[in-house]
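> Below is a structure I'd like to ask you about.
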Amino acid sequence: MVTDSPAVGGRATRRAFVIRALAGVGAALAAAVGVPIAGLAAAPAFRSSLRWPLQAGSVPPTPRATGWTSLGPVDGFQVGVPKLLPVTVPVEVQGATEWTPIAVYVLRPDADTVAILDIHCTHMGCPVGWSQGAKRFLCPCHGGAFTADGAREAGPPPRPMDRYRALVANQEIWMGPLIEPA
Ligand code: FES
């Protein structure tokens, strides 16, 4: 279902409460993994202005980048090991562009392929962590697990990890807008 405004009835109220509660959890976890707290703290404000096809028990990704941003030389990203990266992206807010700090995982499954994933679990928005031993993204909140390419594997997440558009140009990785989930 597509909603024009997330502020619709009791469901929105419940979701707003959950998002506020998880913002604190996200900030604590972010500090542990070195993600800028400012970016995560800003996320709920942007979530509240998003249009998104929501499923029960699911939250939209944060925030929706609206332009392209260089993430640096492709050689700075090791093949086969997702890299957690703080990045500042352009986000359209009420007709104005705001540069917003977020964090993403950058993947190079092989030398020719790049993917960029939102770090938030698609269940209730906790930041997921990459386990090099398990070769999985693991969510500390309710046991959600995603494969190395972000596919949902276990637990309550209703969809794969959200992705941003990605390309390589002149040996640099570029991150674009979020790809809306099907
Ligand atoms: Fe519930 Fe990730 S937030 S499993």
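> Quick check: residue separation of residue 159 and residue 110 times 0.36 nm, minus the Cα distance between them. What number comes out in nm?
15.3 nm
> Probe radius 1.4 Å, ligands and nucleic acids left out: which of 99, 68 has the largest accessible area, and how do the rest follow?
99, 68
> Return the distance in nm (one decimal) between the two label points of a simple spin-label model at residue 149 and residue 83, each offset 7 Å from Cα along Cα→Cβ.
2.1 nm
> With all pairs of different alpha carbon atoms counted, what Kirkwood hydrodynamic radius in Å does the range 103-182 show?
Every distinct Cα pair counted, the radius reaches 12.9 Å.
> Contour minus end-to-end for residue 169 and residue 69, with contour as 0.36 nm per residue of separation and end-to-end as the Cα-Cα distance?
Taking residue 169 through residue 69 to full extension adds about 34.8 nm, to one decimal.
> In Å, the Kirkwood hydrodynamic radius of the range 75-137 over pairs of distinct alpha carbons?
Evaluated over the range 75-137, this radius sits at 13.2 Å.
> Within the range 91-136, what whole-number % of the accessible surface is contributed by carbon and sulfur, with the 1.4 Å probe and all protein chains included in the calculation?
Of all accessible area on the range 91-136, carbon and sulfur atoms account for 50 percent.
The values are calculated or read from the model by the stated rules, or taken from the named source; none is laboratory data. Quantities reported herein were computed from a predicted structural model and do not represent experimental measurements. Because the Cβ atoms are built from the backbone with ideal geometry, glycine has one as well, and the counts that use them run over all protein chains shown. To get the accessible areas, we keep the full protein, side chains included, count just its heavy atoms, and leave off ligands, DNA and RNA. Shrake-Rupley method; radii C 1.70, N 1.55, O 1.52, S 1.80 Å.
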